[in-house]
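Everything below concerns the one structure shown next.
The values are calculated or read from the model by the stated rules, or taken from the named source; none is laboratory data. Quick caveat, the model's predicted, so the values are computed rather than measured. Neighbour counts run over all protein chains shown; Cβ positions are idealised from the backbone, glycine included. Areas reflect the complete protein model, heavy atoms only, side chains present, ligands, DNA and RNA absent. Shrake-Rupley method; radii C 1.70, N 1.55, O 1.52, S 1.80 Å.
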Amino acid sequence: MAAEERATFGRYGFILAAVGSAIGLGNIWKFPYITYENGGGSFVLVYLAAILLIGFPLLMAEIAIGRRMRKSAVGAYAGIGEKASIGGRKWGLLGGFGVMTGALLLSYYAIIAGWTVFYLGKTIAWSTGGFDVPEGGLGSYFGGFLAQGPTQLLFQGVFMVFTTALVALGVTKGIERFTKAVMPVLGVVLLLLAINSVRAPGFGEAMGFLFHIGPITSNALLEAVGHAFFTLSLGMAAMVTYGSYVGRDQSIPKAGLMIALFDTVIALLACVVMFSIIFGVPEIARAESFGRSATILFTALPEMFYDLPLGSLLAPIFYALVGLAALTSTISLLEVVVSYFVDQKSWPRKKAAMIVGGGVFLLGIPSAMSLGASEFWTNFPVVGSRATGAFSVVDYFVSNWFLPIGGLATAILAGWFIKAEVLKDELELGHGTFKWFKAWQFALRVIAPVAIIWILIQVVGGKAF
Ligand code: PHE
């Protein structure tokens, strides 16, 4: 077939694009607040272990499958299935599951991403017109913003338009070029903010919290492992898809290591910045000042900026960067779905991006309306004790079920069913002898499945989430 040649990332393009996918709201918004809710140090330790023992090996497996087959989700899993001892091309269904999960995840992720755009506008207004804490505090201000349906839809829509445009531009001209420009700046600004936190009154207590090792609940264990998938973009074929654009001269183990490392460092820096602010406020006043901990990025942070030298400059830059970090993640999510239509259904890329982007926007409407705007969607069926409202329900299924299940299936496929030589070959291509192959295989064969199955049993047992 005289198919158009498949795009290939440039030398550092892949690492930056994958780092861009990994680093996003998961690191800057979600990780600090779940760490806060789960008591700090011990949670961080479990999370680090999960990244090292489960996330990192699985990340390499996903990239290897993608590069081997040079196809997006469905084609890659179906093709690698032919090299598996059971299932054959039926493994393509796992790719299909990833495509569906990607669409669902993007449908609500874009809403949170939209908040960063709103706060970019807001901080520009504050920086130029003077900062004044809105009546009732930033917490209730944020709550009011969430409850405005049309505003939510507007910003979600704006974010989907950006995402669609970049994916429509293509892998190298859109995704690669854009992430290369954004990621280094984000790293530097976050580092500067973290250095600045040292002066904050809450810094000492923040560090104590971050490194305090205490008892840990089973709930926290589960959440830490689940977040390892989310933050490394695993379990839904995003890294398989990006892997399909990686050149044969690149080392997958090295790339995987860099991605996991950068992702972790940024998550920890975000905690340092955020906690230095929250712990500057006496405990009893915290909830009142910041509202729920899930919202600290939008409620605690603005105030800090306006206490800092150059804060008026930093505040908008920061929200712009968080928005851009979210954008490098949303494009990877959309790419999983779009590349399916491009590779499997031969749709032109632009058409696929527009139709899928529009579809995902529609899919997200119930979630956008479920933060107080529509009573029906806000009270949408309760799942367990944790998820009420369309937004939470979708997030519950995606984060706690779909990503772990997708990850589990991939770990089993790669660890047990694909001929070991095939993957060994792929991991050594562009790398040289991969000394850790046995350890890597053990992680996929035993550690990941045991940990994930254990999580799922706890979830079914109603213990968690
Ligand atoms: N890793 C991204 C984050 O931490 C979210 C994401 C998940 C992106 C799955 C792509 C695929 O924000």
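Scanning the range 128-146 for residues being closer than 20 Å to M369 by Cβ and crowded, with 17+ Cβ neighbours inside 10 Å gives a total of 5. Test F397 against the stated conditions and say whether it is touching a residue at least 40 places away in the same chain (Cβ under 8 Å), in contact with a Lys or Arg (Cβ under 8 Å, 6 or more places away or on another chain) and of a type in the set (F, W, Y). Answer is no for this residue. Given the options A411, A464, A439, name the one that is buried (at least 16 other Cβ atoms within 10 Å of the Cβ) and modelled with pLDDT of 95 or more. After ruling out the rest, the residue left standing is A411. Residues considered: F262, F229. Of these, the only one that is open to solvent by 10 Å² or more (accessible area, probe 1.4 Å) and within 16 Å of the ligand (Cβ to nearest atom) is F262.
Scanning the range 320-338 for residues that are closer than 18 Å to K122 by Cα and over 17 Å from the mean Cα position of the chain (by Cα) yields a single hit, A320. When you go through (1) within 16 Å of the ligand (Cβ to nearest atom); (2) out of contact with any strand residue (DSSP E or B) (no Cβ under 7 Å at 6 or more places or on another chain); (3) open to solvent by 20 Å² or more (accessible area, probe 1.4 Å) one by one for Y396, which number turns out not to apply? Just one mismatch for Y396, condition (2). Tallying residues that are without any contact (Cβ under 8 Å) to a residue 60 or more places away in the chain and under 25 Å from V338 (Cβ atoms) within the range 82-95 yields 5. Set side by side, the residues A165, A103 differ, and just one is part of a helix (DSSP H, G or I) and surrounded by fewer than 17 Cβ atoms within 10 Å (Cβ to Cβ), which is A165. Pairing each residue of the range 4-25 that is over 21 Å from R349 (Cα atoms) and touching a residue at least 40 places away in the same chain (Cβ under 8 Å) with any residue that is among the hydroxyl-bearing types (S, T, Y) and in a loop (DSSP other than H, G, I, E, B), provided the two are 6+ apart or on different chains, yields C-beta distances under 7 Å for A22/S233.
Of all residues being open to solvent by 10 Å² or more (accessible area, probe 1.4 Å) and in contact (Cβ under 8 Å) with a residue 40 or more places away in the chain in the range 106-120, which is nearest to the ligand (Cβ to nearest atom)? Just the residue, please.
Across the range 106-120, the extreme among qualifying residues is Y109.
Of the residues examined, Y47 is not one that is open to solvent by 10 Å² or more (accessible area, probe 1.4 Å) and either more than 25 Å from T163 (Cβ to Cβ) or in contact (Cβ under 8 Å) with a residue 40 or more places away in the chain (or both). E62 passes every criterion in (1) modelled with pLDDT under 95; (2) within 11 Å of the ligand (Cβ to nearest atom) apart from (1). Out of I15, I65, I34, I80, one residue alone is part of a helix (DSSP H, G or I) and open to solvent by 10 Å² or more (accessible area, probe 1.4 Å). It is I15.
Using the structure shown, decide if K173 is within 20 Å of the chain's Cα centre (by Cα), open to solvent by 70 Å² or more (accessible area, probe 1.4 Å) and not β-branched (V, I, T). In short, no. Just one of (1) touching a Pro at 6+ places or on another chain (Cβ under 7 Å); (2) at pLDDT 95 or above fails for V393. It is (2).
For the range 71-122, the candidate set comprises residues that are at pLDDT 95 or above and of a type in the set (S, T, Y); within that set, the residue that is farthest from L333 (Cα to Cα) is Y119. Of all residues in the range 120-136, those that are in contact with a helix residue (DSSP H, G or I) (Cβ under 6 Å, 6 or more places away or on another chain) and under 14 Å from M304 (Cα atoms) total 2. Among the residues of the range 215-251, the one identified as within 15 Å of the chain's Cα centre (by Cα), in a loop (DSSP other than H, G, I, E, B) and among the hydroxyl-bearing types (S, T, Y) is S233. The single residue among G10, G40 that is in contact with a Leu (Cβ under 6 Å, 6 or more places away or on another chain), under 30 Å from V189 (Cβ atoms) and surrounded by fewer than 24 Cβ atoms within 10 Å (Cβ to Cβ) turns out to be G40.
Restricting the range 184-200 to residues that are surrounded by fewer than 13 Cβ atoms within 10 Å (Cβ to Cβ) and not hydrophobic (A, V, I, L, M, F, W, C), the residue that is nearest to V272 (Cα to Cα) is R199.
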